[in-house]
Amino acid sequence: MASDAPPARVPRHLAIIMDGNGRWAERRRRPRVIGHRAGARAVNQCIDFCIEHGIGALTLFAFSSENWGRPEEEVGALMKLFLNALASEVEELHRRGVRVRFIGERERFGDAIRARMEHAETLTRGNATLHLSIAASYGGRWDIVNAARGLAADVAAGRIRPEDIDERSLGMRTALADLPPPDLFIRTGGDLRISNFLLWQLAYTELWFTETLWPDVDAATLRQALADYAMRERRFGLTGAQVSTPSSMPPSGTNE
Ligand code: FPP
């Protein structure tokens with residue numbers, strides 16, 4: 001039967017700040033690490049959801065550049081959790097066609113975690129069902145500085161001229177440059193900020209916030225985010241009339 005409803009609009013790339021693990025545990029009078037463990041279970045559900053809904057890329061903020069400043073005990077517990085998750089989940093992710101990669105200052109992690117990150121990336125390199133990027137020891141400012149440093153090195157070596165630097169050449173050097181920028185950003189836990197997540201890449205991303213704490217996020221929460229996203233009009237700086245004429249839209253490609 002023909003329907004007047006517009007075709008469902010699913011984000012190609014979803015980026016999430018998974019906030020609220022600590023409060024989830026504190027409300028249960030449990031140590032914060034219990035909240036992070038529950039958060040890891042919610043990560044698995046979220047991956048399932050993305051695969052089921054045909055979302056091509058998922059980027060999760062697992063550990064920020066600033067999180068190194070948390071109490072030593074919590075940082076240690078999180079490292080242990082990452083190590084265990086890398087050991088126990090990677091084969092299954094591979095079986096499901098998930099390509100895994102890590103973005104951030106990898107040098108700051110210990111040898112064991114770095115080795116498992118590399119193993120996960122190598123094992124899953126050829127997969128394409130879902131591009132899962134884990135931001136770990138990541139900061140949006142770090143990302144931009146890193147890109148600028150690469151361009152400065154190219155100028156110093158005479159490979160490019162300063163006037164060749166533009167949004168495209170800088171964007172190409174930021175993390176995830178081979179993916180479309182996130183269409184939808186979700187932050188759980190009630191705070192209304194971006195907290196140094198993908199600063200460059202989020203320029204025209206639709207933002208969605210929920211009070212729900214990350215460990216409580218389920219398919220219903222994610223379905224609501226997708227439903228709200230599908231109702232948004234994305235104008236990319238143009239007028240409403242222009243965006244209803246697709247030929248005047250900017251290209252939807254790589255980080256533009
Ligand atoms: C923010 O909650 C969450 C983190 C700093 C860690 C995120 C880690 C996970 C979800 C677990 C494992 C992830 C992977 C990819 C295996 P918070 O501690 O700031 O919570 P609060 O705001 O309630 O204190």
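Since every read-out is calculated from the coordinates, none of them should be taken as a lab result. These figures come from a predicted structure and were not determined experimentally. Here the Cβ positions follow ideal geometry from the backbone for every residue, glycine too, while neighbour counts run over all protein chains shown.
Quick check on residue 178: is it under 30 Å from residue 152 (Cβ atoms) and free of Cβ contacts under 8 Å to residues at least 40 places away in the same chain?
Numbers: under 30 Å from residue 152 (Cβ atoms): yes; free of Cβ contacts under 8 Å to residues at least 40 places away in the same chain: no.
In short, no.
Out of all the residues in the stretch 18-68, which are over 21 Å from residue 190 (Cβ atoms) and touching a His at 6+ places or on another chain (Cβ under 6 Å)?
Answer for the stretch 18-68, where residues must be over 21 Å from residue 190 (Cβ atoms) and touching a His at 6+ places or on another chain (Cβ under 6 Å): just 57.
Show the residue pairs meeting these rules: Cβ distance below 8 Å; 6+ apart or different chains; first residue within the stretch 14-38 and assigned to a helix (DSSP H, G or I); second residue polar (S, T, N, Q).
Filtered contacts from the stretch 14-38: 32/21; 35/21; 36/21; 38/21.
Return the residues of the stretch 142-169 that are closer than 24 Å to residue 195 by Cα, in contact with a helix residue (DSSP H, G or I) (Cβ under 8 Å, 6 or more places away or on another chain) and not β-branched (Val, Ile, Thr); say none if nothing qualifies.
If the condition is that a residue be closer than 24 Å to residue 195 by Cα, in contact with a helix residue (DSSP H, G or I) (Cβ under 8 Å, 6 or more places away or on another chain) and not β-branched (Val, Ile, Thr), then 142, 147, 148 are the ones that fit.
Please list, ordered by first then second residue, the pairs with beta carbon atoms under 6 Å, 6 or more apart or interchain, first in the stretch 41-61 and touching a residue at least 60 places away in the same chain (Cβ under 8 Å) and more than 12 Å from residue 97 (Cα to Cα), second more than 9 Å from the ligand (Cβ to nearest atom) and among the aromatic types (Phe, Trp, Tyr).
These pairs meet every condition: 61/197.
Filtering the stretch 164-175 down to residues that are within 18 Å of the chain's Cα centre (by Cα) and touching a residue at least 40 places away in the same chain (Cβ under 8 Å), which residue is nearest to residue 212 (Cα to Cα)? Steps first, answer last, please.
Step one: of the stretch 164-175, the residues within 18 Å of the chain's Cα centre (by Cα) are 171-175.
Those still in the list that are touching a residue at least 40 places away in the same chain (Cβ under 8 Å) too: 171-172, 174-175.
On the way: 171: 32, 172: 34, 174: 30, 175: 28 Å.
Among them, the one singled out is 175.
Considering only residues that are among the small types (Gly, Ala, Ser) and in a helix (DSSP H, G or I), which ones fall in the stretch 151-207? Break it down into steps so the answer makes sense when it comes.
Of the stretch 151-207, the ones among the small types (Gly, Ala, Ser) are 152-153, 156-158, 169, 171, 175, 177, 189-190, 195, 203.
Answer for the stretch 151-207, where residues must be among the small types (Gly, Ala, Ser) and in a helix (DSSP H, G or I): 152, 153, 156, 169, 171.
Are any residues in the stretch 64-86 within 11 Å of the ligand (Cβ to nearest atom), more than 21 Å from the chain's Cα centre (by Cα) and among the small types (Gly, Ala, Ser), and if so, which ones?
Selection gives 77 alone.
Out of the residues in the stretch 220-238 that are touching an Asp or Glu at 6+ places or on another chain (Cβ under 8 Å) and of a type outside the set (Phe, Trp, Tyr), which is nearest to residue 139 (Cα to Cα)?
Going residue by residue through the stretch 220-238, those that are touching an Asp or Glu at 6+ places or on another chain (Cβ under 8 Å) are 229, 232, 234.
Filter again for of a type outside the set (Phe, Trp, Tyr), leaving 232, 234.
Details: 232: 28, 234: 26 Å.
It comes out as 234.
Please tell me if residue 46 is surrounded by 15 or more Cβ atoms within 10 Å (Cβ to Cβ), closer than 22 Å to residue 175 by Cα and within 12 Å of the ligand (Cβ to nearest atom). Let's see the steps before the verdict.
Numbers: surrounded by 15 or more Cβ atoms within 10 Å (Cβ to Cβ): yes; closer than 22 Å to residue 175 by Cα: yes; within 12 Å of the ligand (Cβ to nearest atom): yes.
Yes; evaluated as a whole, the condition is true for this residue.
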